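Undergrad: Below are the structure tokens for one structure; questions will follow.
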């Protein structure tokens with residue numbers, strides 16, 4: 001089977017780039033030093049490749065991701081996000097899965113207890129305005145969790161606001177300041193885990209003992225711009241469905257059969273190699289090609305943001321050149 | 001069942017607003033004068049409500065939408081978009097569905113023939129830089145289609161660039177100019193259909209004999225700003241999962257459990273009533289509320305763009321106040 005047999009639009013994963021990214025990360029942060037975040041790819045078959053590279057636990061952002069990963073036989077799953085309804089997690093624990101949930105408040109702790117979860121990490125705010133308890137309150141929340149019968153596995157803190165700081169020395173300095181807060185909280189909380197980091201800081205965050213990077217596997221143009229040394233592995237195969245020739249002073253354009261329902265748009269327009277993108281509509285990307293294209297041509301579009309793009313598709317095809325090696329369901333979508 | 005029983009995030013459709021929107025449009029453009037576009041809601045159960053209001057045909061943007069509509073027993077389906085692979089449509093025609101496909105080139109005509117489609121409309125470019133043959137070439141393409149054994153149902157032309165022109169008189173004047181092109185092409189092409197228009201021009205486009213509006217059913221904040229008199233019917237139910245109190249000069253914030261993987265972002269951030277939205281992350285909307293909110297509170301977020309938001313969700317719940325009346329699968333997603 002080749003890419004020409006695929007219905008478009010279709011996500012393509014470059015097998016060699018994916019393999020290299022997984023191998024390079026496993027070399028940099030082997031085994032449990034890396035807890036791959038599955039939110040970036042939402043694909044259990046890809047997670048199995050990460051497990052085969054030696055990583056022994058995973059990070060999830062939604063209950064659905066945890067449920068799907070457990071169903072696929074992957075274990076030591078950290079839900080690195082707060083939930084008020086953990087009722088789908090308790091049955092997994094009963095079935096023998098190791099499930100750990102982040103808590104940052106009495107209410108999320110109570111939800112974990114009510115849902116039948118037995119292990120938590122204390123989510124500590126290290127500067128990103130999002131979730132996490134204030135560092136000086138982490139120990140108290142851990143005490144409450146222990147009093148409620150929870151095992152405390154440690155702390156997590158995500159320095160997400162630093163992932164794309166352009167200057168690497170500045171990124172490292174700011175990361176150190178954030179991690180000082182996390183380590184102080186860890187002193188109050190206890191437990192074996194100090195979890196944090198991401199693709200933008202995996203090489204410089206030497207304070208955590210496990211890194212929660214996700215984007216490195218398929219990569220993202222924003223991280224490439226920030227100097228992160230992984231390869232772009234994901235493109236979106238699309239068909240040119242309409243071409244309008246230049247006429248006098250008016251430039252010509254072409255239309256590809258995927259638009260803003262198949263491309264994460266929060267980082268802006270996608271890139272069409274050798275062309276200028278004019279705009280995306282629901283099911284169209286309109287672009288001005290430098291060299292003429294014909295109706296029926298197939299092109300490979302670079303999404304501006306991988307994570308939400310993948311979440312819009314039902315499957316991804318692993319390819320080497322034009323050969324389709326495998327097709328994986330994007331089976332962790334939804335909530 | 002009430003909304004409190006729903007797993008969040010969850011799409012909510014206000015039953016009364018939906019009913020009013022469908023009834024108002026059916027009164028303005030009864031029966032075949034309106035060919036509802038299903039791309040806006042991707043939900044066959046909602047399309048059935050539109051059929052019950054008297055509309056006898058539908059507009060689709062993808063092959064998947066056509067296939068799903070036919071499977072749900074809905075008929076006279078116009079694929080108002082170009083495709084190079086119509087092979088999933090021929091079997092529907094063989095089974096008795098009436099399927100019409102837009103063509104704007106020899107290649108898309110050949111694909112329709114090869115796929116077993118028997119009826120086409122000629123898609124005419126009326127000014128929007130996207131698909132459509134040049135108006136003066138429409139007759140020639142129709143001749144080629146007839147020679148290939150196709151039935152010609154007429155023409156379509158979408159004045160999509162005019163939907164949000166702020167001044168209504170200007171919008172009407174520009175629409176008339178576009179439709180003059182379409183009517184001239186229709187003179188060359190023949191057939192009974194002159195199809196076009198949308199939610200932004202449904203009341204002023206008196207030149208087409210069927211309007212392809214879709215957004216009116218659930219509506220969109222952009223159309224409301226443009227003075228289109230339908231009601232906002234869709235919100236996104238979300239749970240507050242984390243709250244950080246104000247401290248000294250630093251404002252407090254709250255975090256809802258849906259972000260840019262559950263909200264179309266091409267029109268910008270969503271609206272949280274009574275709050276200022278700071279940003280969306282993958283699974284989070286971070287906002288500063290005017291009045292305090294608590295962890296566990298449920299809020300109703302207004303997406304900035306309905307169409308891509310709906311396409312990210314598996315189902316929508318029809319509600320009256322807090323009561324859940326029905327749950328509909330968003331069954332036309334994907335390609």
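The values are calculated or read from the model by the stated rules, or taken from the named source; none is laboratory data. Bear in mind the structure is a predicted one, so any value in this text is a computation, not a measurement. Positions of Cβ are generated from backbone atoms using ideal geometry, with glycine treated the same way; all protein chains shown enter the neighbour counts.
Undergrad: Can you tell me how many residues within the stretch A:11-32 are touching a strand residue (DSSP E or B) at 6+ places or on another chain (Cβ under 9 Å), in a helix (DSSP H, G or I) and buried (at least 17 other Cβ atoms within 10 Å of the Cβ)?
TA: The total comes to 5.
Undergrad: Would you point out the residue of the stretch B:112-126, among those that are over 25 Å from the mean Cα position of the chain (by Cα) and in a helix (DSSP H, G or I), that is nearest to residue B:162 (Cα to Cα)? I'd like the intermediate steps shown before the answer.
TA: First, the residues of the stretch B:112-126 that are over 25 Å from the mean Cα position of the chain (by Cα): B:113-116, B:118.
Okay, now just the ones that are also in a helix (DSSP H, G or I), so B:113-114.
On the way: B:113: 33, B:114: 35 Å.
Across the stretch B:112-126, the extreme among qualifying residues is B:113.
Undergrad: If a residue must be touching a strand residue (DSSP E or B) at 6+ places or on another chain (Cβ under 8 Å) and within 22 Å of residue A:284 (Cα to Cα), how many such residues does the stretch A:208-253 contain?
TA: 15
Undergrad: Further question: Any residue at all in the stretch A:105-120 that is away from chain B (no Cβ under 14 Å), closer than 25 Å to residue A:29 by Cα and in contact with a helix residue (DSSP H, G or I) (Cβ under 9 Å, 6 or more places away or on another chain)?
TA: Scanning the stretch A:105-120, I find at least one residue that is away from chain B (no Cβ under 14 Å), closer than 25 Å to residue A:29 by Cα and in contact with a helix residue (DSSP H, G or I) (Cβ under 9 Å, 6 or more places away or on another chain), so the answer is yes.
Undergrad: In the stretch A:81-99, what residues are surrounded by 24 or more Cβ atoms within 10 Å (Cβ to Cβ) and under 28 Å from residue A:18 (Cα atoms)?
TA: A:81, A:99
Undergrad: Hey, residue B:137 hits all of (1) away from every other protein chain (no Cβ under 12 Å); (2) surrounded by fewer than 24 Cβ atoms within 10 Å (Cβ to Cβ) but one; which does it fall short on?
TA: Of the numbered conditions (1) away from every other protein chain (no Cβ under 12 Å); (2) surrounded by fewer than 24 Cβ atoms within 10 Å (Cβ to Cβ), the odd one out for residue B:137 is (1).
Undergrad: Take residues that are within 14 Å of chain A (Cβ to nearest Cβ) and buried (at least 17 other Cβ atoms within 10 Å of the Cβ) and tell me which of the strands (runs of 3 or more DSSP E) falling wholly in the stretch B:179-287 contain 3 or more. I'd like the intermediate steps shown before the answer.
TA: Working: elements: B:193-196, B:234-244, B:253-256, B:275-281.
Those strands (runs of 3 or more DSSP E) span B:234-244, B:253-256, B:275-281.
Undergrad: Which of the residues belonging to the stretch B:201-214 are at pLDDT 95 or above and under 14 Å from the mean Cα position of the chain (by Cα)?
TA: If the condition is that a residue be at pLDDT 95 or above and under 14 Å from the mean Cα position of the chain (by Cα), then B:211, B:212, B:213, B:214 are the ones that fit.
Undergrad: Do you know which of the residues in the stretch B:311-335 that are without any contact (Cβ under 8 Å) to a residue 24 or more places away in the chain and touching a strand residue (DSSP E or B) at 6+ places or on another chain (Cβ under 7 Å) is farthest from the other protein chains (Cβ to nearest Cβ)?
TA: Within the stretch B:311-335, the first condition is being without any contact (Cβ under 8 Å) to a residue 24 or more places away in the chain, and the residues that meet it are B:314, B:321, B:327.
From what is left, the residues that are touching a strand residue (DSSP E or B) at 6+ places or on another chain (Cβ under 7 Å) are B:314, B:327.
Values: B:314: 5, B:327: 14 Å.
This residue is B:327.
Undergrad: From the list B:149, B:116, B:132, which residue is in contact with a strand residue (DSSP E or B) (Cβ under 8 Å, 6 or more places away or on another chain) and at pLDDT 95 or above? Steps first, please.
TA: On the way: B:149 fails: in contact with a strand residue (DSSP E or B) (Cβ under 8 Å, 6 or more places away or on another chain); B:116 fails: in contact with a strand residue (DSSP E or B) (Cβ under 8 Å, 6 or more places away or on another chain).
None of the other options fit; the residue is B:132.
Undergrad: Now, a different point. Scan the stretch A:307-321 for residues that are crowded, with 17+ Cβ neighbours inside 10 Å and either assigned to a loop (DSSP other than H, G, I, E, B) or at pLDDT below 95 (or both) and report the count.
TA: To start, the set of residues in the stretch A:307-321 that are crowded, with 17+ Cβ neighbours inside 10 Å comprises A:307-313, A:316-319.
Imposing the further condition that a residue be either assigned to a loop (DSSP other than H, G, I, E, B) or at pLDDT below 95 (or both) reduces the set to A:311-313.
Total meeting the criteria: 3.
Undergrad: While we're on this one: Test residue A:308 against the stated conditions and say whether it is at negative phi, under 21 Å from the mean Cα position of the chain (by Cα) and more than 10 Å from every other protein chain (Cβ to nearest Cβ). So that I can check it myself, show each step before the final result.
TA: On the way: at negative phi: yes; under 21 Å from the mean Cα position of the chain (by Cα): yes; more than 10 Å from every other protein chain (Cβ to nearest Cβ): no.
No.
Undergrad: Related question: It is to be established whether one or more residues within the stretch B:296-304 are crowded, with 24+ Cβ neighbours inside 10 Å, assigned to a loop (DSSP other than H, G, I, E, B) and more than 10 Å from every other protein chain (Cβ to nearest Cβ).
TA: Yes; the residues of the stretch B:296-304 include at least one that is crowded, with 24+ Cβ neighbours inside 10 Å, assigned to a loop (DSSP other than H, G, I, E, B) and more than 10 Å from every other protein chain (Cβ to nearest Cβ).
Undergrad: Another question, then. Could you please let me know if residue B:70 is within 14 Å of chain A (Cβ to nearest Cβ), in contact with a helix residue (DSSP H, G or I) (Cβ under 7 Å, 6 or more places away or on another chain) and under 29 Å from residue B:152 (Cβ atoms)?
TA: no
Undergrad: Only one residue in A:9, A:91 is over 23 Å from residue A:125 (Cα atoms), over 17 Å from the mean Cα position of the chain (by Cα) and away from chain B (no Cβ under 14 Å), so which one is that? Can you show your working first?
TA: Details: A:9 fails: away from chain B (no Cβ under 14 Å).
Checking each option against the conditions leaves just A:91.
Undergrad: Can you pull out every residue in the stretch B:44-65 that is within 23 Å of residue A:241 (Cα to Cα) and either more than 13 Å from chain A (Cβ to nearest Cβ) or outside any helix (DSSP H, G or I) (or both)?
TA: The answer is B:58, B:59, B:60, B:61, B:62.
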